[in-house]
Amino acid sequence: MTLFSQKEAQAFVRTGAKEFRYNRDIRLTPGGKDVLTEAGIKVVFDEAAKPVIETAAPAAAASASGGASDDLKLFNSPEAQKLKQEICDIGRRIWMREYCDGNGGNISCRLAPNRFLVTPTGVSKGFMTPDMLSLVDGEGKQLAGTWKRSSEFTTHLAIYNATPDAFSVCHAHPCHAGAFAIKELQPPPRLIPELEVFVGQVAVASYETPGSKEIAASITPLAPKHQSIIMGCHGVICWGKSVEDAYFKMEITDAYCRTVILAQSLPGSASIPCEKMDDLLAIKKSMGLPDNRYDLKNAELCEVDPWQQMCGQRGCSTPVTPCNPMTETSAPTGAETEALVQKLTDEIMSKLK
């Protein structure tokens, strides 16, 4: 039997949780219950509940540790609450766009130097609430929050560590960009200005186990010059200067991939002229966005035709000719049909004899 008194209840309130579940192994004192009730926390008896005293323990230690106390204040600050709500809103947009199914995808953002807000594991991005998010440090250690942080946050950290400008990271599994992912195929460049300006070249990282050190290592060298990275046989990970900006990179990437997939079945092989690429890169540079092509000359920007890159020498330009009955071989005449019927009849009668 563990006593959950007023002191433990106050520590639990600082975790930001909205519900307190306890079982027969926890004795909740009247003073402790009053603290929870006054804080607006729902108190529920649940025989199968885990010992909540373990959840409250890190917060209870806050009074003895200035650093831990500061983290809890940061986690419950107005700025943090605003970002938590923004992450939940983006999560719903990701789910509604069918960029992730089940509990797939994850979002994070910088809250302070070496402190990050992270979405929970095992939860649909379309149904997250702010209390589900957690505070995590630069080593991946969870400092606050009652829901376990996403197991793929280590991949986010690879981007944050390699790219100081990255404020938020968004990972999901949009179908059209996912089609390129399962082929480990880079979307061809120079086809739509919006991708060139707002995203740039989409990099491709070979497959590694999700959440592993290996996948983090494969993302690290790509992040500084690529805001959108296709993860082989997995999905897409993007970073931005705000939570919405990171999501925008994801949306633009998938829309581009969808358009390319549709366009490859049509005749023609047009692309943005090489001499016009400087204009787009100048616009991008003026916006302070990174790109690995700023120092390249026009000839280097156009070394490979985008459609040849996508489909080889045929360039996806083979016309798709619809069926036209007027140009098809003429139908058999009545005499030809009668002769064919007679021939089949003769063969059947011969076999019957």
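Mind checking which residues of segment 244-284 are farther than 19 Å from residue 177 by Cβ, in a helix (DSSP H, G or I) and not basic (Lys, Arg)? I'd like the intermediate steps shown before the answer.
Looking only at segment 244-284, we keep the residues that are farther than 19 Å from residue 177 by Cβ, and these are 266-284.
Still in the running and in a helix (DSSP H, G or I): 274-284.
The answer is 274, 275, 277, 278, 279, 280, 281, 282, 283.
Restrict the check to segment 145-155 and report whether at least one residue is open to solvent by 30 Å² or more (accessible area, probe 1.4 Å) and in a helix (DSSP H, G or I).
Yes: segment 145-155 contains one or more residues that are open to solvent by 30 Å² or more (accessible area, probe 1.4 Å) and in a helix (DSSP H, G or I).
So which residues in segment 255-272 are open to solvent by 10 Å² or more (accessible area, probe 1.4 Å) and either of a type in the set (S, T, N, Q) or under 24 Å from the mean Cα position of the chain (by Cα) (or both), if there are any at all? Let's see the steps before the verdict.
First, pick out the residues of segment 255-272 that are open to solvent by 10 Å² or more (accessible area, probe 1.4 Å): 255, 258-259, 261-272.
Within segment 255-272, 255, 258, 259, 261, 262, 264, 265, 269, 271 meet the criteria.
Confirm whether residue 91 is modelled with pLDDT of 85 or more and surrounded by fewer than 14 Cβ atoms within 10 Å (Cβ to Cβ). Please lay out each step first, then the result.
Details: modelled with pLDDT of 85 or more: yes; surrounded by fewer than 14 Cβ atoms within 10 Å (Cβ to Cβ): no.
No, not satisfied.
So residue 105 ticks every box in (1) open to solvent by 40 Å² or more (accessible area, probe 1.4 Å); (2) under 18 Å from the mean Cα position of the chain (by Cα); (3) at positive phi but one. Which box is left unticked?
(1)
Within segment 172-235, considering only helices (runs of 4 or more DSSP H) that don't extend past its boundaries, which have at least 3 residues that are without any contact (Cβ under 8 Å) to a residue 24 or more places away in the chain and in contact with an Asp or Glu (Cβ under 8 Å, 6 or more places away or on another chain)?
Details: elements: 175-183, 193-198, 213-219.
Filter on segment 172-235 gives an empty set.
Would segment 223-244 turn up any residue that is loosely packed, with under 14 Cβ neighbours inside 10 Å and over 18 Å from the mean Cα position of the chain (by Cα)?
Taking every residue of segment 223-244 in turn, none turns out to be loosely packed, with under 14 Cβ neighbours inside 10 Å and over 18 Å from the mean Cα position of the chain (by Cα).
Every residue in segment 273-291 that is within 28 Å of the chain's Cα centre (by Cα) and within 18 Å of residue 191 (Cβ to Cβ), please.
First, pick out the residues of segment 273-291 that are within 28 Å of the chain's Cα centre (by Cα): 280-281, 283-291.
Result: 280, 281, 283, 284, 291.
Only one of (1) modelled with pLDDT of 85 or more; (2) open to solvent by 90 Å² or more (accessible area, probe 1.4 Å); (3) part of a helix (DSSP H, G or I); (4) not β-branched (Val, Ile, Thr) fails for residue 313. Which number is that?
Looking at each condition in turn, residue 313 falls short on (1).
Write out, first by first residue and then by second, each pair whose Cβ atoms fall under 6 Å of each other, whose residues are 6+ apart or on separate chains, and whose first residue, in segment 84-98, is among the charged types (D, E, K, R) while the second is open to solvent by less than 50 Å² (accessible area, probe 1.4 Å).
84/130; 84/133; 86/243; 92/126
List every residue pair whose Cβ atoms lie under 6 Å apart, where the two residues are 6 or more positions apart in sequence or sit on different chains, the first residue falls within segment 247-271 and is over 17 Å from residue 186 (Cβ atoms), and the second residue, located anywhere, is modelled with pLDDT under 90 and open to solvent by 50 Å² or more (accessible area, probe 1.4 Å).
So the pair list comes out as 265/320; 267/319.
The values are calculated or read from the model by the stated rules, or taken from the named source; none is laboratory data. Source: prediction; values computed, not measured. So basically every Cβ, Gly included, is an ideal-geometry build from the backbone, and we count neighbours across all protein chains shown. These area figures cover heavy atoms from the full protein model, side chains too; ligands, DNA and RNA do not enter into them. Shrake-Rupley method; radii C 1.70, N 1.55, O 1.52, S 1.80 Å.
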